[in-house]
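Below is one structure; the comments refer to it alone.
The values are calculated or read from the model by the stated rules, or taken from the named source; none is laboratory data. This is a predicted model, so every value here is computed, not measured. Reconstructed Cβ throughout: ideal geometry from the backbone, glycine too, with neighbour counts over all protein chains shown.
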């Protein structure tokens, strides 16, 4: 048995999803005639409190589509220095839309310092800099440990951007994790945003696809951009059917994933070879470093650890620069977390035998 904690993208569709996909009523979505896609889009818009939605193949496509729709060629979009859009999406906005990504440091929780953010916004009065058209937020924030931006933070950041004439896009790949962790309706959490992308294919366990939501006018323009990107699908209702089940059946259970992540974090923090503040783990992502005494292990030693741990039947992922990540998800239960912790302990004891062992048994 392999315990795969690399990402919540590795989830398998539920039996209900497989049944829905088998029986899905389909049509040609490029013509707008797939009834199951249309139902998913209507449901997504309703859940997030927006006018309309668009089914896309991936979170990257959703974010890129949003940016190409919001930002004129040659203008700028503000992103965090730890943002998924900046680090993991191939520079699509720059490559395809001539959009300059203006980078502002993320705070530890994934938000922004408002003074730094305000100072980064420019307009057409200065011919030396591209005018800023868009602020991109991320909630929850992947590289910041799955932290959730609060309703107050979201409202304040959107308000600052709108006051300066910017649109706001939320990379909400795991926005439902944020809403569940905060105890806030997801529609309220993103109420001030102009567009939101979220991924049923992560913690909600659907096999494929993401949704982009916003105003009806925005989605009409985004649909054109999706076509240009090659995202116009035909009988996509087979995929959309799983997304409907995800929204109807899989949201509340995200709290289980959060509890399992906290259990994992507490166990890891008990190991002397692990550097981690378990109190910072808020949703389903656990990010940590390895250490030998006071020395943090370099990237190559972390890579060795991941290979050894794989031989023990546990998969984690590297985020580079010595950061390791574990993600809880559907299909991972408490016994899996306990087995993973024991495997991690054995592996670290074999690699760092001089380090005092922790209290796991």
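When you scan the stretch 220-240, do you find a residue that is assigned to a loop (DSSP other than H, G, I, E, B) and surrounded by 24 or more Cβ atoms within 10 Å (Cβ to Cβ), even just one? There is at least one residue in the stretch 220-240 that is assigned to a loop (DSSP other than H, G, I, E, B) and surrounded by 24 or more Cβ atoms within 10 Å (Cβ to Cβ). For the stretch 118-142: of the residues being part of a loop (DSSP other than H, G, I, E, B) and in contact (Cβ under 8 Å) with a residue 60 or more places away in the chain, which is surrounded by the most Cβ atoms within 10 Å (Cβ to Cβ)? Looking at residues that are part of a loop (DSSP other than H, G, I, E, B) and in contact (Cβ under 8 Å) with a residue 60 or more places away in the chain, I get 140. Evaluate the stretch 107-117: report whether one residue or more is touching a residue at least 60 places away in the same chain (Cβ under 8 Å) and surrounded by 23 or more Cβ atoms within 10 Å (Cβ to Cβ). Scanning the stretch 107-117 turns up no residue that is touching a residue at least 60 places away in the same chain (Cβ under 8 Å) and surrounded by 23 or more Cβ atoms within 10 Å (Cβ to Cβ).
Is there a residue being crowded, with 19+ Cβ neighbours inside 10 Å, outside the structural domain of residue 288 (by TED's automatic domain parsing) and closer than 30 Å to residue 237 by Cβ anywhere in the stretch 143-166? No; the residues of the stretch 143-166 include none that is crowded, with 19+ Cβ neighbours inside 10 Å, outside the structural domain of residue 288 (by TED's automatic domain parsing) and closer than 30 Å to residue 237 by Cβ. Scanning the stretch 200-217 for residues that are buried (at least 22 other Cβ atoms within 10 Å of the Cβ) and more than 12 Å from residue 330 (Cβ to Cβ) yields a total of 6. Scanning the stretch 207-225 for residues that are over 14 Å from residue 44 (Cα atoms) and under 20 Å from the mean Cα position of the chain (by Cα) gives 207, 208. Could you tell me whether the stretch 344-354 includes any residue that is on the phi > 0 side of the Ramachandran plot and at pLDDT 95 or above? No; the residues of the stretch 344-354 include none that is on the phi > 0 side of the Ramachandran plot and at pLDDT 95 or above.
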